[in-house]
1. For the range 370-377, in order, what is each residue's ³J(HN,Hα) by Karplus, 6.51 cos²θ - 1.76 cosθ + 1.60 with θ = phi - 60°, in whole Hz (x at glycine and Pro)?
2. When only Cα pairs under 8 Å and 6 or more residues apart are kept, what is the percent relative contact order across the range 1-45?
3. Could you list Thr496, Thr556 so that the one with the fewest beta carbons within 10 Å of its beta carbon is first and the one with the most is last?
4. What net charge is computed for the residues neighbouring Arg139, neighbours being all others with C-beta under 13 Å from the C-beta of Arg139, Lys and Arg scored +1, Asp and Glu -1?
5. Based on other C-beta atoms within 10 Å, arrange Met587, Met478 from fewest to most.
6. Add +1 for every Lys or Arg and -1 for every Asp or Glu among the other residues with Cβ under 11 Å from the Cβ of His361, and state the total.
7. What number comes out for the charge environment of Phe230, summing +1 per Lys or Arg and -1 per Asp or Glu over other residues with Cβ under 13 Å away?
8. First check a/c for the range 1-177, with a ≥ b ≥ c the square roots of the eigenvalues of its C-alpha gyration tensor; if it is under 1.5, answer rounded, and if not, answer prolate when a/b is larger than b/c or oblate otherwise.
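Please treat every number below as a calculation from the coordinates, not as lab data. Keep in mind that what you see is a predicted model, and the values were worked out from it rather than measured. Note that each Cβ is placed from the backbone with ideal geometry, even for glycine, and that neighbours are counted across all protein chains shown.
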Amino acid sequence: MHYFVTGATGFIGKRLVKKLLERKGTVVHFLVREASQDKVRALRDFCGVSAARLLPVQGNLIEPKLGVSAADIKQLKGQIQHFYHLAAVYDLGADEASQTQINVEGTRNTVAFAKAIEAGHFHHVSSIAAAGLYEGVFREDMFDEAEGLDHPYFLTKHESEKIVRQECKLPWTVYRPAMVVGDSQSGEMDKIDGPYYFFKLIQRMRQLLPPWMPSIGLEGGRVNIVPVDFVVNALAAISQQKDISGKCYHLVDPVGYRVGDVLDIFSKAAHAPKMNVFVNAALLGFIPRSITKGLMALAPVRRVRNAVMKDLGLPEDMLTFVNYPTRFDCRDTLAALKGSGIECPNLRDYAWRLWDYWERHLDPELHIDHSLKGTVGGKVVLVTGGSSGIGLAAAHKFAEAGAITLICGRDQDKLDAACAEAKAKGYRFIAYAVDIAEEAPCKAFVQQVMAEHGGVDFLINNAGRSIRRAIESSYDRMHDFERTMQLNYFGSLRVTMGFLPGMVAKHKGHVVNISSIGVLTNAPRFSAYVASKAALDAWTRCASSEYADQGISFTTINMPLVRTPMIAPTKIYNNVPTLAPEEAADMIAQACIFKPVRVATRLGIFGQVLHALVPRVAQIVMNTSFRMFPDSTAAKGAKPGDKADKPKLSAEAVALQQMMRGIHF
């Protein structure tokens, strides 16, 4: 038995070829372009057969009679018992011209070629898309009743099937598979398509929310999904039967699911939150088309919609088909497969395999280098306040990852020591002595970096000053507020705004601002420090909005308490659970790799939520902690050289410290 297959190297095609070759003595001829000769060996390896049983025929779908040579046509004439036409565009997002060329003209050329070689039977693999957006149940004997064919994918699938029905002079059979997903046994799939487009959204829900939390899903029309192994097995079985000429078979799931059911099934497979409440997308149909068209004509609305769709990895036309209105009858298919043991498996039974394969092989994140070296290797990274503490720990990480690491600070001796430490470890820092709290030196520093390095790719605004003093002890100390603001806010702005023009010119750059957990919890005794960091947070939110389309991103890290020289004067912190500088540096590294808008601990986020929902309760809690912990000796007015009082904490205060790791007291 000799077969001819177009689209033999495709996802469905190669499996069909392998299935056909399971029959003893079978020989398969398949169309291959001259530029795709490398796929011949891959297909033979996949099928596990010799060259004698799998024969390539050079040609091209878009040429008359597939561009096959006269010699090959002569050799094939009368030899092919079954001709399978699978080559087509199966992509909703493809442009209309390419879909017309491949799906319509390609089918016309294929029909002409099949006639030229006098094939015994022509099997055309169409799609349920040939029905368009038909309202109701579309039977296997229906074709002309198709409606809603405005979309090029639907239209070209319908037109290609029409060519077979009207122009093919050979015995023909049409097969309309539903939305084809991965193998029900292995989960294997070759591309992101159909329901896979929603996998990234489900994955993000899983990352953000616990699995027990109820979530809101989208309800819509019915979507019919079939695994590729069912399609191949059904196609191979039916195509060998008698009395199938002039018939059409729906290779669909006889059950069918609503969009909301499909999303919920895959959410369960992904261990994401279960969708308990569904918003029916059909409600959008009550909005007059003129209003939706008018809204989409507004540039801001289009930009927001496109940005959200891009961020979620959804094609532009996906939402058009959420309310898909068609259901498919498959009585003829069920009758043809009766007794064969071939049936469409239940989606709930294999959804987990599809999800597992996607997450291991198709998730776009897998193709991005998420190592620090892959992110900053060879890039210019500037860490302000990089001579000690968090900044120094972060600088070591960047330099180890191959970044051109610049550090700056006020103390030349500390900078020299940091550079010596880096040299001993086999890499180097480039150090600059500068006080960024002063306008003129900071401006000169930025200009020097621009001249020597052409700007920076990553800016870590780490330099900062913290003052722990109650407001009642600060009535005559306005300079405390002024100097924290000069460094923490204005200093960071001077550096950032100095490098922003260069980032804009290159259309890339990332800024990490080291803020404080105190901004989220409104920590008492840190009014000067928290106010300066809150100002920086607010400026960052504004800047993020302005530069969102310039390739420049910002991350705010609401850093918890870290054991650095900055907190050393406060003796009550000696026994407080804090982060090590290396742990803080890890947070900075992750901020550079993934570029989130904000990085915060769960405790910090809880504090922010508490202040937002029950502000009075939050104030009472923070006031209680304020009264439980004493001022430091420095805050009380002690001078250098005075004997420091050993802090005496109550048992309750010690317990609170242990419970709230990272909080400033």
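1. 9, 8, 5, 4, x, 8, 10, x
2. Here the relative contact order equals 44 percent.
3. Ordered from fewest to most neighbouring Cβ atoms within 10 Å, Thr496, Thr556 come out as Thr496, Thr556.
4. -2
5. Ranking Met587, Met478 by Cβ neighbours within 10 Å, fewest first, gives Met478, Met587.
6. That works out to -3.
7. Once positives and negatives cancel, what remains is -3.
8. prolate
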